[in-house]
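Below is one structure, written out as structure tokens; comments come after it.
The values are calculated or read from the model by the stated rules, or taken from the named source; none is laboratory data. Worth saying up front: this structure is predicted, and the values here are computed from it rather than measured. Note that we place each Cβ from the backbone using ideal geometry, even for glycine, and neighbour counts take in every protein chain shown.
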Amino acid sequence: MAAGLPDLVDCARLAEDAAVLERVYALEELPRLQDLLASPEGEIQARFAFAKASSGRASATVSVQAVPQLVCQRCLQGFAFPVSGGSEVEFTDDDLAVASGEERELFRTEAGRVSLRDLAEEELLLALPIAAACSTPEKCPRAPGFAGDAQGAEDAQDAVESGEMRRPFRALRELLKKT
């Protein structure tokens, strides 16, 4: 984060002023993200546009952009995953309101103040895939074979022409017979 810029901000005051803040954080500063990263290098760009919601609460439109190095769940190698996300949140000090499952997304504040870094980290986590995988599975060394690959397409075409039914677990059955 740039020196001199506050991380904890007063949501109500910023909403009254309709303030727009932009911040850049190093990915290594986001502790909940670390287990998902192949490398902590990189940064997240975050934009916070504060306003008053129709409910009377302070709110913000939060948008983030980053290109973290995630771990592919197939090959366990790092790969760049460009991500952008955004949502509208309302702020509250009331734990019951957060737990009530209101239609709007509520973000818990402490005495009306919120950490912009925590808000940006939350938005990035929501934008990431549940199970990260290389964007080009055809090149991933541990990706399962696809019917769309050259050999798979030839095998499928041969099976169709010969009238043979495709049996994907045939090899497994043979292995089970050996034991």
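Out of the residues in region 58-83 that are of a type outside the set (A, V, I, L, M) and surrounded by 20 or more Cβ atoms within 10 Å (Cβ to Cβ), state the one that is nearest to Arg13 (Cα to Cα). Please lay out each step first, then the result.
The initial filter retains those residues of region 58-83 that are of a type outside the set (A, V, I, L, M), namely 59, 61, 63, 65, 68-69, 72-75, 77-79, 81-82.
From what's left, surrounded by 20 or more Cβ atoms within 10 Å (Cβ to Cβ): 59, 68, 72, 81.
Numbers: Ser59: 11, Pro68: 33, Cys72: 42, Phe81: 35 Å.
My answer is Ser59.
Name the residue, out of Ser115, Ser100, that is in the same structural domain as Gln45 (by TED's automatic domain parsing) and at pLDDT below 60. Full working, then the answer.
Details: Ser115 fails: at pLDDT below 60.
Of the residues listed, the single one that is in the same structural domain as Gln45 (by TED's automatic domain parsing) and at pLDDT below 60 is Ser100.
Given the residues Ala26, Ala49, Ala15, Ala58, which is the only one that is under 16 Å from Phe107 (Cα atoms) and touching an Asp or Glu at 6+ places or on another chain (Cβ under 8 Å)?
Working: Ala26 fails: under 16 Å from Phe107 (Cα atoms); Ala49 fails: touching an Asp or Glu at 6+ places or on another chain (Cβ under 8 Å); Ala15 fails: touching an Asp or Glu at 6+ places or on another chain (Cβ under 8 Å).
Selected residue: Ala58, the only one of Ala26, Ala49, Ala15, Ala58 that is under 16 Å from Phe107 (Cα atoms) and touching an Asp or Glu at 6+ places or on another chain (Cβ under 8 Å).
Scan region 3-43 for residues that are surrounded by 13 or more Cβ atoms within 10 Å (Cβ to Cβ) and part of a helix (DSSP H, G or I) and jot them down.
Hits for region 3-43 are Cys11, Ala12, Arg13, Leu14, Ala15, Glu16, Leu27, Glu28, Glu29, Leu33, Leu36.
Among (1) on the phi > 0 side of the Ramachandran plot; (2) without any contact (Cβ under 8 Å) to a residue 12 or more places away in the chain, where does Arg13 come up short?
Among (1) on the phi > 0 side of the Ramachandran plot; (2) without any contact (Cβ under 8 Å) to a residue 12 or more places away in the chain, Arg13 violates only (1).
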